[in-house]
Amino acid sequence: MKSAEIRQAFLTFFEEHGHTTVPSSSLVPGNDPTLLFTNAGMVPFKDVFLGRDPRPYVRATSSQRCVRAGGKHNDLDNVGYTARHHTFFEMLGNFSFGDYFKRDAIRFAWTFLTETLGLPKEKLWVTVHISDDEAERIWKDEIGIDPERFSKLDEDNFWQMGDTGPCGPSSEIFFDHGPEVWGGPPGSPEEDGDRYIEIWNLVFMQFERDAQGTLNPLPKPSIDTGMGLERVAAVMQGVHSNYEIDLFQNLLKAAAEATGHSDTSTPSLRVIADHIRSCAFLIADGVLPSNEGRGYVLRRIIRRAIRHGHKLGVSEPFFHKLVSALDAEMGDAYPELRDASDQIARVLLKEEEQFARTLDHGMGLLNAALEELQGDVLPGETVFKLYDTYGFPFDLTADVCREREVRLDEEGFQRELEAQRERARAASQFGADYTASIDLEGETQFTGYELLADQATVTALVDS
Ligand code: ATP
Ligand code: MG
Ligand code: MG
Ligand code: MG
């Protein structure tokens, strides 16, 4: 089954069970300053769960574009290292707003997986929250799940959108990719491997967490589920990595062509193929690279992709060339992407040209520092210099260090940031113009003011 067919089969199944199909919303959550990006299918329905946004339906289904590259569910550092995490992915979901609850949610999921998709029951593993005896009874007594493949866990089975907002206990369904893949079942010490892959999360929405951390009951118990399209496509297409599914084949080929590197299993090519999706969709949804907030997260993803190109020996702008392949792959399902594709390519090209000027020098400095390094921790001053002078986001430096099995002195980096902030404050007391741009090797890139704004917002949004 192709990805597009799976998406359609899912929506059709839930339409047949009384759900209204709702189109994907923007990656920029409307009117929600608590959230960096839409990170789950439920985000556009947040106020419906809270009882503040009445809709003409009590059951909905969607295929929602999501980005997890900052905030509560940040997978940026996983990309390139696991077979299952993307910065951008599509989440298939079904929702009940005070209508059906656990029993039907579990039945729908099981029927869709084992009948519509025809997955073998003995390859499916299930978890529920440690306290959830009701869900346990439904799975064991009504569905007949083998207790061998069932477990009750704690934190992994309590889902929340962010630090505040709707939340509740959950039940997760995993697919066993077989003994040839490394990893252990959910709850085991090897669960981070890619053998048992979580494909679907059923959330029994019952609470709203407020700013004080208190759980308040929702007006009505509700259902929110999320299944990653790329993960279920890997299962259906008999491959063990999301990067081997149909949707990624042409993107990987395009990445191979643009970088002149033909082995499409190279992690850097996978990172690039992943990152073009989040970058292009973010730009299509109106985010532009900048030094603060959402724009800074976008800039970080773009620069991470460019660095992986550099690692493959590319010195010319290449990343923007992938936009047309992405358009060919996803433009039919997402006309907003197609409409914006020229603009997306222009924005990326500009960012590539700008960063290219400092990337080489920064990598030179970083490589030299790594070669001279005594021990396995890169000093905070070096990380800061790369950030401040060469425009290396913290996680870009971290990505390079991870490849060399070196850690970063994050505290030292924070101290340098703070010291710089102090200097800027002191300078402003004497009337110095700290908003003037700083000349970085002939390039006007950051300004003192932007750096301050950048740190404040990024600390608030990204490290929350
Ligand atoms: P994992 O434990 O594998 O990181 P999760 O528990 O963080 O996943 P949920 O928040 O429950 O994921 O999201 C619902 C579903 O969305 C998951 O079951 C999975 O199929 C999919 N999903 C989550 N994160 C990603 C990602 N970064 N890339 C692709 N699919 C994802
Ligand atoms: Mg996760
Ligand atoms: Mg999980
Ligand atoms: Mg989950």
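The values are calculated or read from the model by the stated rules, or taken from the named source; none is laboratory data. Here the structure is a predicted model, which is why all the values come from computation and not from measurement. Please note: Cβ atoms are built from the backbone with ideal geometry, for glycine as well, and neighbour counts cover all protein chains shown. Ligands, DNA and RNA are excluded from the accessible area calculation, which covers all protein heavy atoms including side chains. Shrake-Rupley method; radii C 1.70, N 1.55, O 1.52, S 1.80 Å.
Points worth noting:
- Members of region 148-160 that are surrounded by 19 or more Cβ atoms within 10 Å (Cβ to Cβ) and near ligand 1 (Cβ under 9 Å from one of its atoms): Trp159
- The listed residue being without any contact (Cβ under 8 Å) to a residue 12 or more places away in the chain, closer than 30 Å to Gln8 by Cβ and either not charged (D, E, K, R) or not in a loop (DSSP other than H, G, I, E, B) (or both), out of Gly178, Gly118: Gly118
- Residues of region 27-55 satisfying the condition of being closer than 20 Å to Ser222 by Cα, open to solvent by 20 Å² or more (accessible area, probe 1.4 Å), assigned to a loop (DSSP other than H, G, I, E, B) and free of Cβ contacts under 8 Å to residues at least 40 places away in the same chain: Arg52, Asp53, Pro54
- Filtered residues of region 133-153 (kept if in contact with a strand residue (DSSP E or B) (Cβ under 8 Å, 6 or more places away or on another chain) and either β-branched (Val, Ile, Thr) or not in a helix (DSSP H, G or I) (or both)): Ile145, Phe150, Ser151, Lys152, Leu153
- Only listed residue being in contact with a Lys or Arg (Cβ under 6 Å, 6 or more places away or on another chain), in a strand (DSSP E or B) and buried (at least 16 other Cβ atoms within 10 Å of the Cβ), chosen from Ser24, Ser63: Ser63
- With respect to the conditions (1) within 16 Å of ligand 4 (Cβ to nearest atom); (2) within 30 Å of Arg299 (Cα to Cα); (3) in contact with a helix residue (DSSP H, G or I) (Cβ under 9 Å, 6 or more places away or on another chain), Ala234 falls short on a single one, namely (1).
- Search result, residues across region 76-97 that are touching a Phe, Trp or Tyr at 6+ places or on another chain (Cβ under 9 Å) and open to solvent by 10 Å² or more (accessible area, probe 1.4 Å): Ala83, Phe97
- The selection criterion, being open to solvent by 50 Å² or more (accessible area, probe 1.4 Å) and either farther than 16 Å from Leu298 by Cβ or not hydroxyl-bearing (Ser, Thr, Tyr) (or both), holds for Asp376.
- For Ala105, the conditions (1) more than 27 Å from Leu50 (Cβ to Cβ); (2) open to solvent by less than 10 Å² (accessible area, probe 1.4 Å) are fulfilled apart from (1).
- Among the criteria (1) closer than 21 Å to Cys167 by Cβ; (2) in contact with a strand residue (DSSP E or B) (Cβ under 8 Å, 6 or more places away or on another chain), the one Pro33 does not fulfil is (2).
- When Trp182 is tested against (1) open to solvent by less than 10 Å² (accessible area, probe 1.4 Å); (2) out of contact with any strand residue (DSSP E or B) (no Cβ under 6 Å at 6 or more places or on another chain); (3) not small (Gly, Ala, Ser), only condition (1) is not met.
- Asp210 away from ligand 2 (no atom under 15 Å from the Cβ) and either on the phi > 0 side of the Ramachandran plot or more than 26 Å from the chain's Cα centre (by Cα) (or both): no
- The set of residues in region 420-452 being modelled with pLDDT of 75 or more, over 24 Å from Leu359 (Cα atoms) and surrounded by 11 or more Cβ atoms within 10 Å (Cβ to Cβ) consists of Arg421, Arg423, Ala424, Arg425, Ala426, Ala427, Ser428.
- Every pair of residues 6+ apart whose Cβ atoms lie under 7 Å, when the first sits in region 145-164 and is under 23 Å from Pro120 (Cβ atoms) and more than 12 Å from ligand 3 (Cβ to nearest atom) while the second is of a type outside the set (S, T, N, Q) and open to solvent by 60 Å² or more (accessible area, probe 1.4 Å): Pro147/Lys140; Phe150/Lys140
- Unique residue being open to solvent by 40 Å² or more (accessible area, probe 1.4 Å) and either away from ligand 2 (no atom under 16 Å from the Cβ) or not polar (S, T, N, Q) (or both) when the list is Glu134, Glu172: Glu134
- Filtered residue count, region 191-207, keeping only those that are in a loop (DSSP other than H, G, I, E, B) and more than 14 Å from ligand 2 (Cβ to nearest atom): 2
- Within region 280-305, the set of residues being open to solvent by less than 10 Å² (accessible area, probe 1.4 Å) and within 14 Å of Leu359 (Cα to Cα) comprises Ile302, Arg303, Arg304, Ala305.
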